[in-house]
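Below is one structure, written out as C-alpha cells; comments come after it.
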C-alpha cells in the first residue's frame, strides 16, 4: 500500500495510541517500523481490542524495542469471546504498559450498554490491580464514561478526546491525561481546539489512532506515527508554542504514564 513517509523532525515523537495490527499495514509494517527512527519516532503504544489483536500487539512489541503493547477488550469487540481473565494473562507480559483499548461506544451499538459498562469496569479494576494505566475509548458515551472514571479514579488517558471543555476539566481534575490526534487539524474540529488550550502541559499526550485519522493534508490516507509532527504543529499553533516543545513534553508525559 502506498503511504507518505517524509515527516522528519529533530524532536522525539511518542505515539501513545495506535493499531499496527490492522491488515492495512500487513504489506508495509516491517518497512515502516524500520524507518520510524528517521522520522523521529522514539516510542509507540499499539493497542489490542480483543485477545487476538492484543497478542499481535505483544508480538510486535517483542520484535521492536521502541514498540510497547496495550491489551484489552474494546467495546466494539465484547462479542469476540475474549474474557477479562485472558486479558489479565496477557497483561503480565514485560512489554505490556497499559490496559486498552477499553471504554464505551454508543455510536455503533447502544443496545448493549449494561454489558459494555460491565466489561469496562472489570478492566478498570484489573488495571488498578496490576497498577497499569488505562486507554479509554469514549464515543457518544460522555456521561457514562465520566461517571465511571469519577467513581473508580484510575490512572490513564482518554484517547482521541471528543468531549466538551467542561468534560475535559473533569478529566483533568482526576489527574488523567488527554490524548490528541490528527482530528485537531480538521477544519470541522469545533470543540477540540478549545480543549487543547486548557490541557495542562503535564497531562497532554499525542497519538495517531492509526491507521485512522491521518492529519491534514493527508486526511483519508493511511496514517502512521511519523505524521504526529503535523498534529504537534497544529497543537503548538493553538497553544502559542513550538512543535518541538509539544513533542518534547508529550514524549516525557508518555514515558511517565507508561512507566518507561
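Select from segment 126-141 the residues that are touching a helix residue (DSSP H, G or I) at 6+ places or on another chain (Cβ under 9 Å) and in a strand (DSSP E or B) and write down the one among them that is nearest to residue 156 (Cα to Cα). Outline the logic, then answer.
Here is the first cut: in segment 126-141, the residues touching a helix residue (DSSP H, G or I) at 6+ places or on another chain (Cβ under 9 Å) are 126-130, 132-134, 136-139, 141.
Right, trim to in a strand (DSSP E or B) and you get 134, 136-139.
Working: 134: 4, 136: 8, 137: 11, 138: 13, 139: 17 Å.
Per the criteria, the residue is 134.
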Is it true that residue 255 is assigned to a loop (DSSP other than H, G, I, E, B), touching a residue at least 40 places away in the same chain (Cβ under 8 Å) and out of contact with any helix residue (DSSP H, G or I) (no Cβ under 6 Å at 6 or more places or on another chain)?
no
Might you let me know whether segment 111-120 holds any residue that is touching a helix residue (DSSP H, G or I) at 6+ places or on another chain (Cβ under 6 Å) and either part of a helix (DSSP H, G or I) or at pLDDT below 95 (or both)?
yes
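Enumerate the helices (runs of 4 or more DSSP H) found wholly within segment 1-110, keeping only those where 3 or more residues are at pLDDT 95 or above and in contact with a strand residue (DSSP E or B) (Cβ under 8 Å, 6 or more places away or on another chain). Can you show your working first?
Working: elements: 29-34, 51-63, 84-91.
In segment 1-110, the matching helices (runs of 4 or more DSSP H) lie at 51-63, 84-91.
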Can you tell me how many residues within segment 142-165 are assigned to a loop (DSSP other than H, G, I, E, B) and either touching a helix residue (DSSP H, G or I) at 6+ places or on another chain (Cβ under 8 Å) or crowded, with 16+ Cβ neighbours inside 10 Å (or both)?
8
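Based on this model, can you work out whether residue 202 counts as in a helix (DSSP H, G or I), under 17 Å from the mean Cα position of the chain (by Cα) and surrounded by fewer than 20 Cβ atoms within 10 Å (Cβ to Cβ)? First the steps, then the outcome.
Details: in a helix (DSSP H, G or I): yes; under 17 Å from the mean Cα position of the chain (by Cα): yes; surrounded by fewer than 20 Cβ atoms within 10 Å (Cβ to Cβ): yes.
When the stated conditions are applied, residue 202 passes them.
The values are calculated or read from the model by the stated rules, or taken from the named source; none is laboratory data. Every value quoted in this text rests on a predicted model; they were computed, and no experiment measured them. We place every Cβ from the backbone using ideal geometry, glycine too, and count neighbours over all the protein chains shown.
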